[in-house]
Amino acid sequence: MANWTFKPPTVEEGPAGGHRLFYFYKLKRGITIVKVDGEYYQVRYATDEDLNGYQEVYRGGYEHTVNDATKAALIAGGVDVTEANFTAK
């Protein structure tokens, strides 16, 4: 089995501040992917206490090492994960 580096999807949020110039700048935010009862979900603002209750957690903004089976499950999970989210190790 091959190992893959998985980067969860991101979304751009803005404005990045209160000054008018910040309205032209957006920040990239990682979306956390979690597994509950065998299904994957997107979680935008997860707290550490919430993360303990999930079967699997792939925190947004981080890189995770996954195998072929997990890669296929994430792509099929319907949470906006595609081949572009993975790179070969």
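Below, the figures for the structure above:
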| quantity | calculated |
| --- | --- |
| Interchain or long-range residues, amide H under 5 Å from residue 56's placed H | 35 |
| Derived scalar couplings ³J(HN,Hα) [the stretch 68-82; Karplus, 6.51 cos²θ - 1.76 cosθ + 1.60; whole Hz; x for Gly, Pro] | 4, 5, 5, 4, 4, 5, 5, 5, 7, x, x, 10, 6, 9, 10 |
| Three-way shape label, the chain, alpha-carbon gyration tensor, a/c 1.5 | prolate |
| Computed [θ] at 222 nm, deg cm²/dmol, the chain (DSSP H ≥ 4; -39,500 (n - 2.57); rounded to nearest 500) | -3500 deg cm²/dmol |
| The stretch 5-34: trypsin sites (Lys or Arg not before Pro) in DSSP coil with no more than 16 other Cβ atoms inside 10 Å | 26 |
| Percentage relative contact order, the chain, counting C-alpha pairs under 8 Å, at least six apart | 40 |
| Amide H partners (placed H, <5 Å) of residue 3, local residues excluded | 89 |
| Net charge dipole size for the stretch 3-88 [Lys, Arg +1 and Asp, Glu -1 on Cβ; Debye, nearest 20] | 460 |
| Loop-resident sites, the stretch 1-38, for chymotrypsin sites (Phe, Trp or Tyr not before Pro), counting at most 13 other Cβ within 10 Å (DSSP) | 25 |
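All of the numbers you see were taken from the coordinates with simple rules; none came from a lab. Here the structure is a predicted model, which is why all the values come from computation and not from measurement. Glycine gets a Cβ as well: all are built from the backbone with ideal geometry, and neighbour counts include every protein chain shown.
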